[in-house]
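Asks: Can you keep this structure in mind? I'll have questions shortly.
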């Protein structure tokens, strides 16, 4: 584990790397953070009401001689550098609100305002902002040192990639990653009688090669307890932890809960993030499914060494609209050549409901598919798999 802990040590960042030092003079107050669309109008500032132009301006925390504020300034500088790197790679999702809570109390009144700085611009950004707050609480309860101890008794990982390849060779069809998912932000509750272990058993009976388990609680009504319960129930299918991962801590936590693979989303993570996390995954024995949904993201990921699984999401993660032709668009001749040379498995994701949909993405070059909604809604998920593929693929 020494290699893992070495990777986890923070890397020094110089403020000279394209970051302008924060001003020592700042306005008296800034908007507070709201990470919920439904409550964004309740964002409070304890100050005079700001006009919309001023409210959207990003400013550092106030400067003082205290160590706490010095640390805040350094974090602000690092964050601004990360934003510049992300922007240079076409990443539009902000990892956290650029404006923070008010630093001063001015006057006896509280004003409710909404500005670009404290309002998520789309559902994915809302999820990521909430995840940042959630992670701070989790890490306080379960520091990394405790996760390291839990790894000593965690079950061994299974071969996620090998299971997909074996299923494809056995059936002549894309290997199936069947998703255990109760709800989604776009569709609401997908299955009222949701029993994750029974659903997982049905998927395995129906011929699934691997399972994907949603662990996000707020937006998908999932949990890490579901992941652990499925693993403890003796399910043989390797398990993908379907989570919005923004920090390496989540990789360790997923591993302690029985995950064999994790999801990394290119529209949220920079190239350096992906390289760093895939190295930790390798040390932990986890497979990494790196998800893309644009041509630029695909080219970024194909340029990173060591990638073995690439998922093409036909759902736009910012608007949640679905178009399965996205798979074919991203798998042109040039990219397909790179994929074959590197031995990468491409996974088709979202919008797959019929045998014709499966044939379409398979013809485009997909070797595995990740399917949730069209299976989870079936009275018998095992029979749903046979309907999806047009034949029985169970062993």
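Taken together, the values in this text are just the output of simple stated rules run on the coordinates, not laboratory data. Because the structure is predicted, anything quoted here is derived from the model rather than measured. Heads up, the Cβs are rebuilt from the backbone with ideal geometry, glycines too, and the neighbour counts pull from every protein chain shown.
Asks: Compute the Cα gyration tensor for the range 272-395, then decide on rounded, prolate or oblate, letting a ≥ b ≥ c be the square roots of its eigenvalues: rounded whenever a/c is under 1.5, prolate when a/b is larger than b/c in the other cases, and oblate in all that remain. Intermediate results must be reported in sequence, preceding the final value.
Replies: Values: a/c = 1.81, a/b = 1.53, b/c = 1.19.
Since a/c reaches 1.5 and a/b is larger than b/c, the shape of the range 272-395 is classed as prolate.
Asks: Give the separation of the Cα centroids, the range 323-371 to the range 283-318, in Å.
Replies: 13 Å
Asks: Also: Determine the gain in length on full extension of the stretch residue 354-residue 299; use 0.36 nm per residue of separation and subtract their C-alpha separation, reporting nm with one decimal. Please report the intermediate quantities before stating the final value.
Replies: Details: separation 55, 0.36 × 55 = 19.80 nm, distance 2.89 nm.
Here the segment from residue 354 to residue 299 would lengthen by 16.9 nm.
Asks: Using 0.36 nm per residue of separation minus the Cα-Cα distance, give me the extension gain between residue 391 and residue 144 in nm, one decimal.
Replies: Values: separation 247, 0.36 × 247 = 88.92 nm, distance 4.59 nm.
That pair, residue 391 and residue 144, stretches by 84.3 nm at full extension.
Asks: Contour minus end-to-end for residue 136 and residue 193, with contour as 0.36 nm per residue of separation and end-to-end as the Cα-Cα distance? Provide the component values of the computation, followed by the final result.
Replies: Working: separation 57, 0.36 × 57 = 20.52 nm, distance 3.22 nm.
Working it through step by step, the gained length comes to 17.3 nm.
Asks: While we're looking at this one, here's another question. Could the peptides 182-195, 238-251 be put in order, highest first, of the mean number of other beta-carbon atoms found within 10 Å of their residues? List each step's numbers first, then the result.
Replies: On the way: 182-195: 14.3, 238-251: 22.9.
Those peptides, ordered most packed to least, come out 238-251, 182-195.
Asks: Which FRET efficiency, nearest 0.05, do residue 92 and residue 377 yield, Cβ-Cβ r, R0 30 Å?
Replies: Calculated value: 0.40.
Asks: Express the Stokes-Einstein translational diffusion coefficient of the range 141-389 in µm² s⁻¹, to the nearest whole number, given a Kirkwood radius over alpha-carbon pairs, 10 °C and a viscosity of 1.306 mPa s. Walk me through the intermediate numbers first.
Replies: Numbers: Rh = 18.0 Å.
Rounded to a whole number, D works out at 88 µm²/s.
Asks: Order of 369-380, 344-355 by packing, highest average Cβ count within 10 Å first?
Replies: 344-355, 369-380
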